[in-house]
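Asker: Structure incoming, see below.
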Amino acid sequence: MQSLLESAEQRRRDLHRHRITGTPEGAQFATAVAEAIGVPLAALHDHVGPYPLFLPGSDNTTETHQRFYEQHPLQESLYQALCRRVVDVIGEPCFVQRIPTYRFGLPANRWVGSYHRDSDFGHSGYEFNAICALTVMQGSAALHVERDAGTHLFEPLDLEVGELILFDHIDRLHGCPLNREGVSVASIDFRFVPERFASEAFRSSATSLNTGTAFLPGHYFTEEPI
């Protein structure tokens, strides 16, 4: 019989690259964030920056990142609807990341500081991860993920505005090259822990690299599953 961890790992692999397209939740969230920021997100580079090359630990801390986080309370109901859409795909109640990770990338920079696995930074093997594109994300401006864990052969997860995709952030290296597409990109990523794995998943005292928040319900994750 599979252990809980083996069950979580298998389900995460099964969901890897599962796309959620054409949803009103994704489109509405992307539109609302762009309106709150107040500039076309694909032209963000015309209004902010430039920034030094983003590095691990400093790739989510600029004043522009803070603009994204400061507007998030306006999007709470839309974000919850987006989370429910992903939970429906996962197929069981989940604890959900309370505040998603907002990311943006300007031309000639990268929006993730390094290629990495989230397990390198204390994230649990019981987690699943989803991305929602707030702009078109293609080619060098998309997230690049290993085709198979350990191969170092990467392919972009091209996304349209409002499209979502789940991916294996724990076992597969992922990151992005320099953005050579001539446009800015923006997205959120947000994590899920199925309720049936909670007793094991929340044993760790690990904390988020960016915020120092404990990976626990009521802290990094919602207090109750949805």
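Asker: Give the residues of region 1-26 that are surrounded by fewer than 17 Cβ atoms within 10 Å (Cβ to Cβ) and of a type in the set (A, V, I, L, M), sorted by residue number.
Answerer: Result: Met1, Leu4, Leu5.
Asker: Within region 135-146, can one find any residue that is of a type in the set (Asp, Glu), on the phi < 0 side of the Ramachandran plot and either in contact (Cβ under 8 Å) with a residue 40 or more places away in the chain or out of contact with any Lys or Arg (no Cβ under 8 Å at 6 or more places or on another chain) (or both)?
Answerer: no
Asker: Further question on the same structure: If you go through region 153-173 one residue at a time, do you hit one that is over 27 Å from Glu25 (Cα atoms), in contact with a helix residue (DSSP H, G or I) (Cβ under 7 Å, 6 or more places away or on another chain) and open to solvent by 20 Å² or more (accessible area, probe 1.4 Å)?
Answerer: Checking region 153-173: not a single residue is over 27 Å from Glu25 (Cα atoms), in contact with a helix residue (DSSP H, G or I) (Cβ under 7 Å, 6 or more places away or on another chain) and open to solvent by 20 Å² or more (accessible area, probe 1.4 Å).
Conditions tested, residue by residue: (1) more than 30 Å from Glu195 (Cβ to Cβ); (2) surrounded by fewer than 17 Cβ atoms within 10 Å (Cβ to Cβ); (3) in contact with a helix residue (DSSP H, G or I) (Cβ under 8 Å, 6 or more places away or on another chain).
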{"position": "Glu35", "(1), (2), (3)": "yes, yes, no"}
{"position": "Gly38", "(1), (2), (3)": "yes, yes, no"}
{"position": "His47", "(1), (2), (3)": "yes, yes, no"}
{"position": "Asn60", "(1), (2), (3)": "no, no, no"}
{"position": "Leu74", "(1), (2), (3)": "no, yes, yes"}
{"position": "Ala81", "(1), (2), (3)": "no, yes, yes"}
{"position": "Glu92", "(1), (2), (3)": "no, yes, yes"}
{"position": "Thr101", "(1), (2), (3)": "no, no, no"}
{"position": "Pro107", "(1), (2), (3)": "yes, no, yes"}
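Asker: To continue, here is another question. Only one of Ser199, Ser204 is closer than 26 Å to Gln80 by Cβ, open to solvent by 50 Å² or more (accessible area, probe 1.4 Å), part of a helix (DSSP H, G or I) and of a type in the set (Gly, Ala, Ser); which?
Answerer: None of the other options fit; the residue is Ser199.
Asker: Further question on the same structure: Can you tell me which residue is most open to solvent (accessible area, probe 1.4 Å) among those in region 209-223 that are in contact (Cβ under 8 Å) with a residue 60 or more places away in the chain and touching a Phe, Trp or Tyr at 6+ places or on another chain (Cβ under 8 Å)?
Answerer: Here the residue is Leu209.
Asker: Inside region 23-74, can you point out the residues that are touching a Phe, Trp or Tyr at 6+ places or on another chain (Cβ under 7 Å) and among the hydroxyl-bearing types (Ser, Thr, Tyr)?
Answerer: Thr62, Thr64, Tyr69
The values are calculated or read from the model by the stated rules, or taken from the named source; none is laboratory data. Only a predicted model underlies this, so the values are computations on that prediction, with no experimental measurement involved. Note: ideal-geometry Cβ built from the backbone for every residue, glycine included; neighbour counts use all protein chains shown. Just the protein is used for accessible areas: all its heavy atoms, side chains included, with ligands, DNA and RNA removed. Shrake-Rupley method; radii C 1.70, N 1.55, O 1.52, S 1.80 Å.
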